[in-house]
2 protein chains.
Amino acid sequence: MTRYTKQARLLLAVDCIIFGFDGKELKLLLIKRGMEPEKGKWSLMGGFVQHEEDSESAAARILKQLTGLEGVYLEQLHLFSDPDRDPAERTVSAAYFALINIHDYENQLNEDYRAEWFPIHEIPRLIFDHSEMVQMAKAKLQYKAAFHPILFELLPGKFTIPELQTLYEAIYDTTLDKRNFSRKVLSTGLLIKQKDKDKENSKKGAFYFKLDKKRYTAKFHAFLNFIPNPDNLK
Amino acid sequence: MTRYTKQARLLLAVDCIIFGFDGKELKLLLIKRGMEPEKGKWSLMGGFVQHEEDSESAAARILKQLTGLEGVYLEQLHLFSDPDRDPAERTVSAAYFALINIHDYENQLNEDYRAEWFPIHEIPRLIFDHSEMVQMAKAKLQYKAAFHPILFELLPGKFTIPELQTLYEAIYDTTLDKRNFSRKVLSTGLLIKQKDKDKENSKKGAFYFKLDKKRYTAKFHAFLNFIPNPDNLK
DNA sequence: ACAAAAGTGTTTGGATTACACCCATGG
DNA sequence: CCATGGGTGTAATCCAAACACTTTTGT
């Protein structure tokens, strides 16, 4: 059997940039690294790709290890391959970003990792090139969410329009006109109005909506233009 | 020194999806694979990432090996990591796509690889998962070119508006209205009209334009909306 | 003189924006 | 009864699309 005898072998890791939204702020789930080097420092959740799995499965496995969640939105971001990125040994890392419903996650948390949610504007210093990964993930999320209805992945099954607007405002660090916003969102035909209201956040109460799963799947790649001037993104 | 002793090591390759434009058609540069397995079959140009280099440098090196070109537009596409993608040995591959000016390339060709340009609609069967890579690269090129002025990378330093339009039409397999197209393109302020004309392709002759490099760099990430209805892309 | 491609302007409809008031409720 | 946030409509503007004729010149 043929083998590529002269070539260098290396380690393949995956790291997950895990976004969550608590109704108010965009957050990132970080852990205290459990192994040397840099043990005890803040880090993205990661792990090594095993011999019989691809990097997508590895990312899903690792995400489940930490959060207990399956079927989460997970997308390959970038391969980071600087020869010196990990001082211990040549390791390249495929970064994935995940969008999770922060409420699903509560209670399921694997205590082993001492994970914590950090507001996106208060990310601590991270090991290796993880800060760069976070930067890139943020940029990609902004880019993608400007055109595709991806942010619903961050919300619970039932949500209100004002909640959704707060989420967009958090992602883009801006404020939006609520009349224009709700018109745009509703005009996509992706939302189904419910009979009940959320009374937590206001006296009047705001109607809940659910995603129309069929149309969501169908329109996922359509260009929806939620954001007024998507220039000056990257 | 710490090492990750229990983990599996593997090979990291890069493969390049090399696009070119001959003024008429979008093309892809393929080689006859020179090693086992699958020796002699059509393949993307690729190679292994060396111990002291990152995957970007490896892709640039490999591109130069084949075409002699440096400073080429090169962008990471995706990491392909199916455990069985290479039957010889576990190898993951970072795919990069390159946009080159097909005329720069002529004459410099490295004969060793028996490379040939194939029209994008007549790609032969490729080894491993290379067809999937090509598919993804095409989709990404379409996606990106709908918003960003990336296609100039495929043209020579001097080009005409009709040439540019032909290129867009080739990428999207469609036809465009030349009045609307030229207005849009010129309104970006990216083009500088030259004094001379191309007399090859018409009796009247079409004025040459050059890219305004400064503005091109500045506006590279802006949203230019060259394509009427970018829905139904992916 | 005619064929072939380049170049150019106007009109129309739809979409996006800006903007302000009323509604329902809990305290 | 009033403070708080939810919900809705309209007018003005801008942008994109549709569309046709004139120009140049090689043959």
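The values are calculated or read from the model by the stated rules, or taken from the named source; none is laboratory data. All figures in this text were calculated on a predicted structure; none of them were measured in a lab. Using ideal geometry, Cβ is built from the backbone for each residue, glycine included, and neighbour counts are taken over all protein chains shown. Surface areas here come from the heavy atoms of the whole protein model, side chains and all, with no ligands, DNA or RNA. Shrake-Rupley method; radii C 1.70, N 1.55, O 1.52, S 1.80 Å.
Some observations on this one:
- Odd one out for A:Gly47 among (1) closer than 30 Å to A:Thr166 by Cβ; (2) among the small types (Gly, Ala, Ser); (3) modelled with pLDDT of 95 or more: (1)
- Scan of segment A:114-164 for residues that are polar (S, T, N, Q) and touching a strand residue (DSSP E or B) at 6+ places or on another chain (Cβ under 8 Å), ordered by number: A:Thr160
- B:Ala170 vs. criteria more than 10 Å from DNA strand C (Cβ to nearest atom), surrounded by fewer than 16 Cβ atoms within 10 Å (Cβ to Cβ) and either assigned by TED's automatic domain parsing to the domain that holds B:Lys27 or not in a strand (DSSP E or B) (or both): no
- Tally, over segment B:171-188, of residues that are at pLDDT 95 or above and on the phi > 0 side of the Ramachandran plot: 0
- The sole residue among A:Ala170, A:Ala206 that is more than 14 Å from every other protein chain (Cβ to nearest Cβ), of a type in the set (A, V, I, L, M) and farther than 24 Å from A:Val72 by Cβ is A:Ala206.
- Checklist (1) open to solvent by 20 Å² or more (accessible area, probe 1.4 Å); (2) within 17 Å of B:Glu116 (Cβ to Cβ); (3) within 14 Å of another protein chain (Cβ to nearest Cβ) applied to B:Lys27, failing item: (3)
- Hits in segment A:173-182 (condition: of a type outside the set (A, V, I, L, M, F, W, C) and either surrounded by 12 or more Cβ atoms within 10 Å (Cβ to Cβ) or within 12 Å of DNA strand C (Cβ to nearest atom) (or both)): A:Thr174, A:Thr175, A:Asp177, A:Lys178, A:Arg179, A:Asn180, A:Ser182
- Listed conditions (1) among the charged types (D, E, K, R); (2) over 16 Å from the mean Cα position of the chain (by Cα); (3) crowded, with 16+ Cβ neighbours inside 10 Å are all met by B:Lys138, apart from (2).
- Taken as a whole, segment B:78-86 holds at least one residue that is within 14 Å of chain A (Cβ to nearest Cβ), open to solvent by 30 Å² or more (accessible area, probe 1.4 Å) and among the charged types (D, E, K, R).
- Pairs with Cβ under 9 Å, 6+ apart, first in segment B:183-204 and open to solvent by 100 Å² or more (accessible area, probe 1.4 Å), second part of a loop (DSSP other than H, G, I, E, B) and within 12 Å of DNA strand D (Cβ to nearest atom): B:Lys199/B:Gly205
- Of residues in segment A:148-160 being open to solvent by less than 20 Å² (accessible area, probe 1.4 Å) and assigned to a helix (DSSP H, G or I), the one farthest from DNA strand C (Cβ to nearest atom): A:Leu154
- Filter result for B:Arg114 (in the same structural domain as B:Ile31 (by TED's automatic domain parsing), in contact with a Lys or Arg (Cβ under 8 Å, 6 or more places away or on another chain) and either open to solvent by 40 Å² or more (accessible area, probe 1.4 Å) or small (Gly, Ala, Ser) (or both)): yes
- Among residues of segment A:183-205, those that are more than 10 Å from DNA strand C (Cβ to nearest atom) and either assigned to a helix (DSSP H, G or I) or over 27 Å from the mean Cα position of the chain (by Cα) (or both), counted: 4
- Count of segment B:209-223 residues, restricted to those that are assigned to a helix (DSSP H, G or I) and farther than 15 Å from B:Val185 by Cβ, is 4.
- Restricting attention to segment B:155-167 and to residues that are more than 14 Å from DNA strand D (Cβ to nearest atom) and closer than 15 Å to B:Lys210 by Cβ, the residue that is nearest to the other protein chains (Cβ to nearest Cβ) turns out to be B:Leu164.
- The C-beta contact set for segment A:3-15 (first residue more than 7 Å from chain B (Cβ to nearest Cβ), second residue of a type in the set (Lys, Arg), distance under 9 angstrom, 6+ apart or interchain) comprises A:Val14/A:Arg61.
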